[in-house]
Each structure stands twice: as structure tokens, then as C-alpha cells.
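Notes to accompany the following structure.
Computed from the coordinates by the stated procedures, all read-outs in this text should not be read as laboratory data. Computed from a prediction, not measured in an experiment: that's the story for all the values here. Glycine also receives a Cβ, built like all others from the backbone with ideal geometry; neighbour counts cover every protein chain displayed.
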Amino acid sequence: MAKYQKSLIAVDLSQESSEVIERGLAVSNGCNVSLLHVIEPLTFAYGGDIPMDLSEVQEQLQSQAQEKLHKLAEQHGIKTADCQVVVGQPASEIHRIADEAEVDLIIVGSHGRSGLALLLGSTSNGVLHGANCDVLAVRVHPSE
């Protein structure tokens, strides 16, 4: 079995992100690793019902996310140049970035969801279905 050349670790910046990165680095086995965080546009969350310009808030969210992602990268020995924050629908943005960068492994965290969250589907499930490469879903355990 060929060794992975490039991997993409997609994190949600929750407390469990470090767990996902550590597992991702372990299986990536020294290949090129990049980190990705996808922010859903505020207009998705509010369905455009709010009669105000949310672009400034969106920019603040992006710069805060970038800061957190860079901190995580530094803690795990990943260059900040290999970090990316994008806005969009998580699963499709992860697919797009993975295809553009020609990665052969995507690593995402998976929370064992139940009830309504399970019914609505999760990002890791969305990434798995539609990826053009291997996907590793890391089971994360929420910190109490």
C-alpha cells in the first residue's frame, strides 16, 4: 500500500480539534499536512432574514478563526502557511480544497451524534460521501 503524500485535516476549532490533529498527524506519517477550518456564512445561519450587513461580523469571525487555527498549527508543529480558513458549506468546501490540493487523505472529527443531529447528518458524513480520496473520521470524545 502506497504511503500518503498529502493530507488535509479539517477541524471545527472545538476543544476536540487537537485530538483530531494528533490522530491525523499519526496516520499521515510525515507527509505534507495542511489544516482547514470552514466557517458557514452568517447568511446561511439566518436565512437572509436579518435586514443588516453582516460582512463586518463575518470578517471578525474569519480573523478569530484564523488566529485559533494558527495557534493549533503551532502547537502541533504545522506551518501557518499550511493553514486555511474558508467560508462556505463545510463538506463541499472540504471536497473543493482537497481536490484543488490533490490530497490523498482527508481527516475529520466525528462526534457520535444521536437523535436530531444524527437525522440531519454531520460534516464528517457529508465529507465521506463525495470525497475523491480516503477519509478518516476520528471519533472525538467531548471534553466534560
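Descriptive notes on the structure:
- Segment 126-134 - phi-based ³J(HN,Hα) in whole Hz, Karplus 6.51/-1.76/1.60, Gly and Pro as x: x, 5, 4, 8, x, 7, 9, 8, 5
- Label point distance in nm, residue 71-residue 125, each placed 7 Å from Cα along Cα→Cβ: 3.1
- Sequence-distant aspartates and glutamates (8 or more away, or on other chains) whose Cα lies within less than 13 Å of residue 3: 104, 134
- Note on residue 68: lysines with a C-alpha under 22 Å away, same-chain residues under 8 apart excluded, are 79.
- FRET efficiency estimate (nearest 0.05) - Cβ-Cβ, residue 55 to residue 82, R0 35 angstrom: 0.80
- Stretchable slack from residue 3 to residue 62, in nm (0.36 nm times residue separation minus alpha-carbon distance): 17.9 nm
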